[in-house]
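Peer 1: One structure is given below, represented as structure tokens, and several questions about it will come after.
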Amino acid sequence: MHELSVAEAILDRAREAAADHGADSVETLTVELGEATHINADQLRFCIETVAEETPLSAVEVAIERVPARAACDCGWSGEPPTFDGTAAVVPSTRCPECGSGTEFTQGRECRLASIDVPADTQTPTER
Ligand SMILES: [Zn+2]
């Protein structure tokens with residue numbers, strides 16, 4: 001399942017980012033998920049939480065930030081893919097509404113760790 005490998009990669013990144021902050025746990029992780037990906041947000045959240053149960057991040061809250069799909073065409077058209085209906089199960093059209101040729105997504109392919117929140121007490125090393 002695609003979501004599972006994505007979830008593992010995001011958790012790896014979250015652990016690295018937590019280590020950079022001197023933290024060994026993460027309260028919240030935020031994932032940027034483009035609407036032109038084939039990834040279902042609810043499934044991805046479920047996979048991250050499931051994989052996290054085996055790790056020090058077992059209590060993590062998962063926030064998904066949707067990135068709208070945008071596409072551009074060689075003829076100069078750019079915008080939101082026209083037949084995209086906003087549901088995660090539907091892959092946006094890649095046809096240009098002006099000339100009918102194939103378009104390239106310029107935005108909406110994202111699937112990455114955007115940010116993490118670490119527990120507050122690990123962010124104040126100067127008190128020691
Ligand atoms: Zn076009």
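Peer 1: Looking at the range 10-40, which of its residues are of a type in the set (V, I, T) and part of a loop (DSSP other than H, G, I, E, B)?
Peer 2: Correct list: V26, T37, I39.
Peer 1: State whether the residues of the range 80-91 include one that is at pLDDT 80 or above and either away from the ligand (no atom under 16 Å from the Cβ) or touching a Lys or Arg at 6+ places or on another chain (Cβ under 7 Å) (or both).
Peer 2: yes
Peer 1: Of the numbered conditions (1) touching a helix residue (DSSP H, G or I) at 6+ places or on another chain (Cβ under 7 Å); (2) assigned to a loop (DSSP other than H, G, I, E, B), L44 fails exactly one; give the number of that condition.
Peer 2: Of (1) touching a helix residue (DSSP H, G or I) at 6+ places or on another chain (Cβ under 7 Å); (2) assigned to a loop (DSSP other than H, G, I, E, B), only one is false for L44: (2).
The values are calculated or read from the model by the stated rules, or taken from the named source; none is laboratory data. Note that the structure is predicted; figures quoted are calculated from it, not measured. Please note: Cβ atoms are built from the backbone with ideal geometry, for glycine as well, and neighbour counts cover all protein chains shown.
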